[in-house]
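Report on the following structure.
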């Protein structure tokens, strides 16, 4: 509870007009593990954050492992604050930024029930739901995905985090805006020396396939350092998955990104 109160204190006093560099390539891995979830990502200009959720006794609790009953909820840490920002900033997360802010929800419990609970929570915040004319926030589900149900129902304002095997199946970018996978499935490069030409060849090929469908590519468990960030951006990766928010912020500024 103290953590949540500190978050809202900082959140309410943040001057977002001072954020001049929203980074379209920046994804905050396990964002909720930072001192001030969401706030730390926003103050570093991130446009994508990740929250692990467990549906427990009807509540969507944010935690990596099995949560304590007093764990913060998805609503407290993400949905309500993002909704407040949209109201403050003329339906934008960052003033003047017309791009999409991505909220990835990694479901750790049973897929179908978690999906319905996320739907119910999101329905309380209509500004967070995409429409054909506006999409300031894109909510998409990773982890345990209600794939069959969501494919059958079509896009209902909550999207899917795709996998490479989902490419070539005619799934729209509305329903599946991002393709994600484990870095080690595509390269054995450790990120300690400059990559050789073949080290990231398969990632380049994957990026081409992802981009051909209008989607974005994210790889997790990457070598989390500047050398790897630069190499992966060059290979076509769209979201750099990091735990080092400030360091990536500074790096992307240096690259003009």
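Worth pointing out:
- Residue tally, condition at pLDDT below 95, assigned to a helix (DSSP H, G or I) and under 20 Å from the mean Cα position of the chain (by Cα), over region 1-32: 3
- Selected residue (only one of 214, 157 is in a loop (DSSP other than H, G, I, E, B), exposed (fewer than 13 other Cβ atoms within 10 Å of the Cβ) and at positive phi): 214
- Test: residue in region 178-196 that is at pLDDT below 95 and either loosely packed, with under 13 Cβ neighbours inside 10 Å or within 26 Å of residue 124 (Cα to Cα) (or both): no
- For residue 189, the conditions (1) free of Cβ contacts under 8 Å to residues at least 12 places away in the same chain; (2) over 30 Å from residue 110 (Cα atoms); (3) assigned to a loop (DSSP other than H, G, I, E, B) are fulfilled apart from (1).
Condition check ((1) under 26 Å from residue 25 (Cα atoms); (2) modelled with pLDDT of 95 or more; (3) touching a helix residue (DSSP H, G or I) at 6+ places or on another chain (Cβ under 9 Å)) across all residues:
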position: 68; (1), (2), (3): no, no, no
position: 79; (1), (2), (3): yes, yes, yes
position: 88; (1), (2), (3): yes, no, yes
position: 121; (1), (2), (3): no, yes, yes
position: 139; (1), (2), (3): yes, yes, yes
position: 150; (1), (2), (3): no, yes, yes
position: 159; (1), (2), (3): yes, yes, yes
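- Note on region 97-111: residues that are under 12 Å from residue 23 (Cα atoms) and in a loop (DSSP other than H, G, I, E, B) amount to 3.
- Residue check for residue 55: under 21 Å from residue 158 (Cα atoms), touching a helix residue (DSSP H, G or I) at 6+ places or on another chain (Cβ under 6 Å) and modelled with pLDDT of 95 or more: yes
- Residues satisfying the stated conditions in region 217-257, i.e. in contact (Cβ under 8 Å) with a residue 24 or more places away in the chain, in a helix (DSSP H, G or I) and either under 17 Å from the mean Cα position of the chain (by Cα) or under 27 Å from residue 32 (Cβ atoms) (or both): 226, 228, 232, 233, 245, 246, 248, 249, 251, 252, 253
- Among (1) over 22 Å from residue 50 (Cα atoms); (2) touching a helix residue (DSSP H, G or I) at 6+ places or on another chain (Cβ under 7 Å), the one test that residue 205 misses: (2)
- Among residues of region 121-159, those that are free of Cβ contacts under 8 Å to residues at least 12 places away in the same chain and closer than 18 Å to residue 81 by Cβ, counted: 2
The values are calculated or read from the model by the stated rules, or taken from the named source; none is laboratory data. Treat the numbers as computed from the prediction; the structure is a model and nothing was measured. Note that each Cβ is placed from the backbone with ideal geometry, even for glycine, and that neighbours are counted across all protein chains shown.
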